Each structure stands twice: as structure tokens, then as C-alpha cells.
Amino acid sequence: MSTVVGRYAPSPSGRMHLGNLCCCLLAWLSAKSKGGKVVLRVEDLDAMRCPRSFADLLEEDLAWLGLSADEGGSRGGPHAPYYQSERSALYQQYYDKLEALGLTYPCFCTRSQLHAASAPHRSDGQVVYPGTCRSLTPEEIAAKSAIRPPAWRVQVPDRVVSFTDGHLGRYAENLAADCGDFIVRRADGGFAYQLAVVVDDALMGVTEVVRGADLLSSTPRQLWLYEVLDLKAPEFYHLPLLLAPDGRRLSKRDGDQSLEHLRDRYTPEEVVGRLAYACGLTDTPAPRTPADLIDGFAWEKVPKTDILLPEGLF
Ligand code: GLU
């Protein structure tokens, strides 16, 4: 049987908060409970927002909690580099493949044009791209390029892509109707998350992706990219969001839920024990190490809808 490979794929634009930590804990437990390993890939495509100092702190926080990755980050490994900001040459190869398949085209639409009232919106608030720039003539492209550089979109088929999420069950989307042609390369030349994440997970041999349910709707387009790029897709497990006791979404700006403050107030075992309890893995918030939780881990214990942190737990 091949080894299970899970991953952490944080975008360290600040200190980790409990929501990020919940995702890391479950990714670690899911892989370790199957005898697998975990890879750390730092998603710093937006290098200005994700300086290396935050990535280093994140690794230190993971080590403090007993959740260090087996491969990746500053530790390196056979698939180095593990920082997306250093992997552009790989993304370029796969971007070229999309181009050779005739699937990419330049898009000159501005943000405000995209958000015009007439544009259809997805349930998550994103705009379904209406295909405005799909059929521009070479002359139109030349004229528009003289004004500003385009972003590059990939043309999706009118097809339903469905999959069974390991935690949330069946999910399906019609790519053309529900998603629309999406950006694979930004106007500044950088590669977009949707392409980078697919290339990285495939090349790093990741067999299971554990991440927040806010990315559930990205999965059909990623599965389609795996298919057209002839890459092997992993299994997916999407997690409900962890919310503050008053129902607010946790954010990196929420100081007291960040690792910086948690480390002042609790031992690593206290943080892990309380978080495991909030995620339904244990009956009490007693202190635990991640290793203590491996035997009793089961996805069925984790709620499928948003998790409200109990008042006073942290
Ligand atoms: N880098 C993304 C984030 O921190 C996660 C991407 C993924 O797991 O696919 O939200």
C-alpha cells in the first residue's frame, strides 16, 4: 500500500490563529492515523504579504505544539523548494501545457467591470466570469495590451465535475455555469493559486488534502486542472470553519486567538487538548499531545457544520 501524504499549505500573512491550527491538527491526525506523513508547503505566492519571517514563526509554532511536518518548509526534502515563491519555473511548465492545449487567453477586464451588477455571482460571492475576453481578435488584444498587461484565464468546459469529499460527502459544480473561466496567471506575471496548488500537490506526491470548507468550491476546477494536466489528484477533506464564541469568523487580526497569545497563556498540551475538544475529538478539554489523539481519531467525530468555540474555552 502506498504511503499517505498529507500537507499543510498555509499562506503565512500573520501569526497562526486557532482556525489555522485546527486545520493543521486535523491534517496531521488524518495522515498519522493512516501511518502517513505530512509535508509543509508555504503558499507565499503573494511574497509581500507573506514574508519568510512569518513562515519561520509558523514552523516554530508547529514545533511547539508537537505538529512539525515530516518534510518541507525550511527543513527541505526531495521536492524542494517548498516555498511557492521559489517554484515559478515549475508552474511555468504546466502553464505552457495549458497554453499548448489552446486553453488560455488574455483577459483585460478590470475588477469593477467584473463586479458590475449584471455579472452572475456564485453562492460564495465570487463573480462567475462571463467570458468577456474569450473571443478577442489579435488586433483587439494588441490594442488592449498597449494600455495594460492582461491576466490569463483558462477556458473551462460546460461540464459537471463532481467528487466525494472525505468529510462533507458529494459535491458537484458545472464549471461553465457555476465557476466560469478562471485566472491561472496574474497581470503581474505571477501564477495564480488554482494552478500552483494543483501542480504542487501533484509533484509533492500529496495523497490527501485537508483544508477549510471555504475552499470546497475551488475543488471542481482544481480536479479539472489535474485532468487536463494529466496529474494524479489527491483525496479531499474539507473542514467546517471554526468561529469565535460570538459567531464571528476568526482572523489573523484576532490577537487573543493567535499563537502569540496562546503561547503566553497555555502549555502546548492545553492548546491541543482544548482544540481537540472543540473539534469533537475528545469528551473533555483535558491536556493532550497530538500523538495522544491518533488512536481515537475518526473523521466522523468532526462536525460537518461551522464549529462555534465554546465560551471561555480559550
Ligand atoms: N494557502 C491556503 C490558505 O492558507 C490554503 C490552500 C489549500 O489548502 O489548498 O488558506
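Any lysines with Cα under 24 Å of the LYS97 Cα? List them, leaving off those in the same chain fewer than 8 positions away.
Within reach: LYS232.
For the chain, what percent of Cα pairs sit more than 30 Å apart?
37
Under the Cβ-under-4.7 Å rule, which cysteines of the chain stay unpaired?
Flagged as lacking a Cys partner: CYS22, CYS23, CYS24, CYS50, CYS109, CYS179, CYS279.
List every residue whose amide H lies under 5 Å from the amide H of ASP165, counting only residues 5 or more places away in sequence or on a different chain, with H placed 1.01 Å from N in the peptide plane.
ARG170, TYR171
Kirkwood Rh over Cα pairs of the range 1-91 into Stokes-Einstein at 25 °C, 0.890 mPa s: D in µm²/s?
184
Please report the spacing between the Cα centers of the range 141-158 and the range 1-44 in Å, no decimals.
Centre-to-centre distance over Cα atoms comes out at 35 Å.
Provide the percentage of antiparallel DSSP beta bridges, counting only those with both residues in the range 157-314; round to the nearest 5.
In the range 157-314, approximately 55 percent of DSSP beta bridges are antiparallel ones.
Return the single residue from GLY76, GLY296, GLY19 with maximal mean-square fluctuation; model: Gaussian network over the chain, springs between Cα atoms under 10 Å.
So, out of GLY76, GLY296, GLY19, the one fluctuating most is GLY296.
Can you list the lysines whose alpha carbon is less than 19 Å from that of LYS34, not counting same-chain residues fewer than 8 positions off?
By straight Cα distance, LYS34 reaches LYS301.
Describe numerically, in nm with one decimal, the distance between label points set 7 Å from Cα along Cα→Cβ at ARG111 and at ALA47.
2.2
Just for the chain, what percent of DSSP beta bridges are antiparallel, to the closest 5?
Percent antiparallel among DSSP bridges in the chain is about 55.
Please compute the length gained on full extension between ASP283 and ASP56, using 0.36 nm multiplied by the number of residues separating them and subtracting their Cα-Cα distance.
Full extension from ASP283 to ASP56 adds 78.4 nm.
Run the numbers on the chain and let me know its relative contact order in percent, using alpha-carbon pairs under 8 Å that are six or more apart.
Result for the chain is 20 percent.
Based solely on its DSSP helices, what 222 nm [θ] is calculated for the chain when runs of n ≥ 4 H residues each add -39,500 (n - 2.57) and the sum is averaged over all residues, nearest 500 deg cm²/dmol?
-9000 deg cm²/dmol
Estimate the FRET efficiency between ASP165 and GLU139 by the formula 1/(1 + (r/R0)^6), using the beta-carbon distance for r and 41 Å for R0, to the nearest 0.05.
0.35
Only the coordinates and a few stated rules stand behind these numbers; no lab work does. Computed from a prediction, not measured in an experiment: that's the story for all the values here. Backbone-built Cβ (ideal geometry, glycine too); neighbour counts: all protein chains shown.
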